[in-house]
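Structure first, commentary second.
The values are calculated or read from the model by the stated rules, or taken from the named source; none is laboratory data. All of these numbers come straight from a predicted model, not from anything done at the bench. Here the Cβ is made from the backbone with ideal geometry for all residues, glycine too, and neighbour counts use every protein chain on show.
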Amino acid sequence: MRVLFVCLGNICRSPLAEGLFQEKVVAAGLGGAVEVDSAGTGGWHVGAPPDRRMTATAARRGTDLSQLKARQLVRHDLDDYDHVFVMDKANLHDTLALDPDGDHGTRVRLFREFDPEPGDYQVPDPYYGGPEGFDHVFDIADRTTDAILQRLAEVYGWDLASSS
C-alpha cells in the first residue's frame, strides 16, 4: 500500500501529514505494509527540508520531520500510489491536470474529506502567517491522519486494535 500527501511546495502541509501518518502506521504495526511519501505540485523547494517553522511545531508536538526533503509531484506518482491526499482545491486541480484521461481520479482525494471537522475542506497554507497557523495545521493534520488510517484499516481489513 502506497500513500502520498500533496501540497503546493512540499515544505509545510504535506511533509507534516507524511511525518504524522508514518508515525501512526509504525505505531499500528503496519510499517512494512504501508509506504508513505509527500510531494508538491510546484518545484521551487525540491531537495529542501520542511519549513523550519513547521519542523519546530512538529518537534514541539512530538513529530520528527528532520529527515524529509521536498520533491515535486510527477505524472507517474498517480500510477505508483494507491491513495493520493491533496491539501486544497487548487492543488487538487493541479494534481488532476497530470491525469488528462481521468484514469486516477478515484485515487486522488482532498485530505480533509476524512477530517471529522472538515470546515471548507481546505488545509490552510501557514507559510505566510504566524506560529498559530502552524499549530492549527498540525491539529488538522493530526486528527485527519488518524481518520485516514482508520478508514484504510476498515477498507483493507487491518486490525489496528491489536497492533497498538
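Looking at Gly105, Gly32, just one residue is in contact with a helix residue (DSSP H, G or I) (Cβ under 9 Å, 6 or more places away or on another chain), of a type in the set (Gly, Ala, Ser), surrounded by fewer than 19 Cβ atoms within 10 Å (Cβ to Cβ) and at pLDDT below 95, and that residue is Gly105. Consider only pairs whose beta carbons are under 6 Å apart and that are at least six residues apart or on different chains; among these, list those whose first residue lies in the stretch 1-19 and is over 13 Å from Asp82 (Cα atoms) and whose second residue is of a type in the set (D, E, K, R). Listed pairs, sorted by first residue: Cys7/Arg13; Ile11/Asp51; Cys12/Asp51. In the stretch 27-55, the residues that are on the phi < 0 side of the Ramachandran plot reach residues that are in a helix (DSSP H, G or I) and among the acidic types (Asp, Glu) with C-beta atoms within less than 8 angstrom, at least six apart or across chains, in these pairs: Val36/Glu18; Asp37/Glu18; Ser38/Glu18; Ala39/Asp77; Thr41/Asp94. Can Thr63 be described as under 15 Å from the mean Cα position of the chain (by Cα), part of a loop (DSSP other than H, G, I, E, B), surrounded by 16 or more Cβ atoms within 10 Å (Cβ to Cβ) and at pLDDT 95 or above? When the stated conditions are applied, Thr63 passes them.
For Gly133, are the conditions met, namely being modelled with pLDDT under 95 and of a type outside the set (A, V, I, L, M)? Let's see the steps before the verdict.
Details: modelled with pLDDT under 95: no; of a type outside the set (A, V, I, L, M): yes.
Judged against the criteria, Gly133 is not a match.
Sub-8 Å Cβ pairs linking a first residue in the stretch 135-156 that is over 15 Å from Asp64 (Cα atoms) and in contact (Cβ under 8 Å) with a residue 60 or more places away in the chain to a second residue that is surrounded by fewer than 18 Cβ atoms within 10 Å (Cβ to Cβ) and aliphatic (A, V, I, L, M), at least 6 apart or interchain, are Leu149/Leu160; Leu152/Met1; Ala153/Leu160; Tyr156/Met1, ordered by first then second residue. Just one residue in the set Asp120, Asp103 is free of Cβ contacts under 8 Å to residues at least 12 places away in the same chain and farther than 19 Å from Leu16 by Cα; that residue is Asp120. On the basis of being in a helix (DSSP H, G or I) and among the charged types (D, E, K, R), does Glu117 make the cut? No, not satisfied.
Looking only at the stretch 10-24, residues that are among the hydrophobic types (A, V, I, L, M, F, W, C) and either in contact with a strand residue (DSSP E or B) (Cβ under 6 Å, 6 or more places away or on another chain) or modelled with pLDDT under 95 (or both) come to 2 in all. One residue stands out in the stretch 78-97 among those that are among the aliphatic types (A, V, I, L, M) and surrounded by fewer than 19 Cβ atoms within 10 Å (Cβ to Cβ): the one that is farthest from Thr144 (Cα to Cα), namely Ala97. Number of residues in the stretch 82-98 that are under 24 Å from Pro124 (Cβ atoms), within 16 Å of the chain's Cα centre (by Cα) and not in a helix (DSSP H, G or I): the value is 6.
Checking each residue in the stretch 123-164 for being among the aromatic types (Phe, Trp, Tyr) and within 22 Å of Ala90 (Cβ to Cβ) picks out Tyr127, Tyr128, Phe134, Phe138.
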